[in-house]
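The values are calculated or read from the model by the stated rules, or taken from the named source; none is laboratory data. If you're wondering where the values come from, they're calculated on a predicted model, not measured in any experiment. Here Cβ is always computed from backbone atoms with ideal geometry, including for glycine, and neighbour counts include all displayed protein chains.
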Amino acid sequence: MSRAVADVTALLGSRICHDLISPLGAISNGVELLAMSGAGSMPEIDLIAQSIENANARIGFFRVAFGAATPDQTLGASEVQHILRELTRGGRMEVEWIPADDAPRAEVKLVFLALNCLESAMPRGGFVSVTRDDARWRLTATADRMRIEPNLWEALSRPAAGSAATAAEVQFLLAPLVAAELGRTLTAELSETGATVRF
């Protein structure tokens, strides 16, 4: 994938996320109105409200992971922690974001793509710790059991190796491109119960 195609892909991701936010907001407002009318205690309404929360959380995450990021953009630690807290609420994966300072959005984008890779390797859930030391990032994952697809992880560390990927695995193809734009190299250490990704 060329740099131009990667840029267009990021803009497309931003556009899709942006266009989905408005209808989800309208549905959320409708649910609130139903609640005010007395229908909000119905199980069906609760299910819709939970689904909206989950969708908004995924969009917030995808907006960073798959959206455009200019060199001068930054994200604050509190904003990133909020996104991750909403994303993992009620789920099987827990993420601890340790960096306290603002970080370049492009670097957070790469962290989120790496998180997406780790999530796919932890079907039963697990714990991921994210740290940053002297501009070097490390994601440390632990789980009862990891499901590792060797070809995908090889493509993550060595893009030249190439790998076929499904739509659910596109993060493995995008992460090396983002890393190259940042002048970084992704490395991954994998085991049956954990993984460490660095860049």
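Taking the stretch 159-199 as the range and being within 21 Å of residue 109 (Cβ to Cβ) and small (Gly, Ala, Ser) as the test, the residues that pass are 163, 165, 167, 168, 175, 179, 180, 183, 188, 195. Does residue 121 fit the bill of being buried (at least 16 other Cβ atoms within 10 Å of the Cβ), assigned by TED's automatic domain parsing to the domain that holds residue 171 and not acidic (Asp, Glu)? The answer is yes for residue 121.
Looking only at residues in the stretch 150-174 that are among the hydrophobic types (A, V, I, L, M, F, W, C) and touching a strand residue (DSSP E or B) at 6+ places or on another chain (Cβ under 9 Å), which one is surrounded by the fewest Cβ atoms within 10 Å (Cβ to Cβ)? Taking the candidates together, the pick is 153.
Looking only at the stretch 61-120, which residues are in a helix (DSSP H, G or I) and among the aromatic types (Phe, Trp, Tyr)?
Pass one, the stretch 61-120, residues in a helix (DSSP H, G or I): 61-65, 77-88, 105-120.
Answer for the stretch 61-120, where residues must be in a helix (DSSP H, G or I) and among the aromatic types (Phe, Trp, Tyr): 61, 62, 112.
Within the stretch 75-102, how many residues turn out to be polar (S, T, N, Q) and surrounded by fewer than 15 Cβ atoms within 10 Å (Cβ to Cβ)? Residues that pass the stated criteria total 1.
What residue, of 145, 138, 132, 184, is within 19 Å of residue 80 (Cβ to Cβ), assigned to a loop (DSSP other than H, G, I, E, B) and not small (Gly, Ala, Ser)? Quick ask: steps written out before the conclusion?
Numbers: 145 fails: within 19 Å of residue 80 (Cβ to Cβ); 138 fails: assigned to a loop (DSSP other than H, G, I, E, B); 132 fails: assigned to a loop (DSSP other than H, G, I, E, B).
Answer to the selection: 184.
Among the conditions (1) within 24 Å of residue 92 (Cβ to Cβ); (2) of a type outside the set (A, V, I, L, M); (3) surrounded by fewer than 19 Cβ atoms within 10 Å (Cβ to Cβ), the only one that residue 132 does not satisfy is (1). If you check 79, 53, 86 for being modelled with pLDDT of 75 or more, acidic (Asp, Glu) and closer than 15 Å to residue 111 by Cβ, only one passes: 79. Of all the criteria given as (1) free of Cβ contacts under 8 Å to residues at least 60 places away in the same chain; (2) in the same structural domain as residue 174 (by TED's automatic domain parsing); (3) farther than 30 Å from residue 33 by Cα; (4) touching a strand residue (DSSP E or B) at 6+ places or on another chain (Cβ under 9 Å), the one not satisfied by residue 64 is (2).
Do we have any residue at all in the stretch 96-104 that's within 26 Å of residue 73 (Cβ to Cβ), small (Gly, Ala, Ser) and under 14 Å from the mean Cα position of the chain (by Cα)? Walk me through how you get there before you give the answer.
Let us first name the residues in the stretch 96-104 that are within 26 Å of residue 73 (Cβ to Cβ), namely 96-104.
Filter again for small (Gly, Ala, Ser), leaving 100, 103.
Remaining after also requiring under 14 Å from the mean Cα position of the chain (by Cα): none.
Looking for residues that are within 26 Å of residue 73 (Cβ to Cβ), small (Gly, Ala, Ser) and under 14 Å from the mean Cα position of the chain (by Cα), one finds none in the stretch 96-104, hence no.
When you look at residue 107, is it crowded, with 20+ Cβ neighbours inside 10 Å and either in contact with a helix residue (DSSP H, G or I) (Cβ under 7 Å, 6 or more places away or on another chain) or of a type in the set (Asp, Glu) (or both), yes or no? Working first, answer last.
Numbers: crowded, with 20+ Cβ neighbours inside 10 Å: yes; either in contact with a helix residue (DSSP H, G or I) (Cβ under 7 Å, 6 or more places away or on another chain) or of a type in the set (Asp, Glu) (or both): yes.
Yes.
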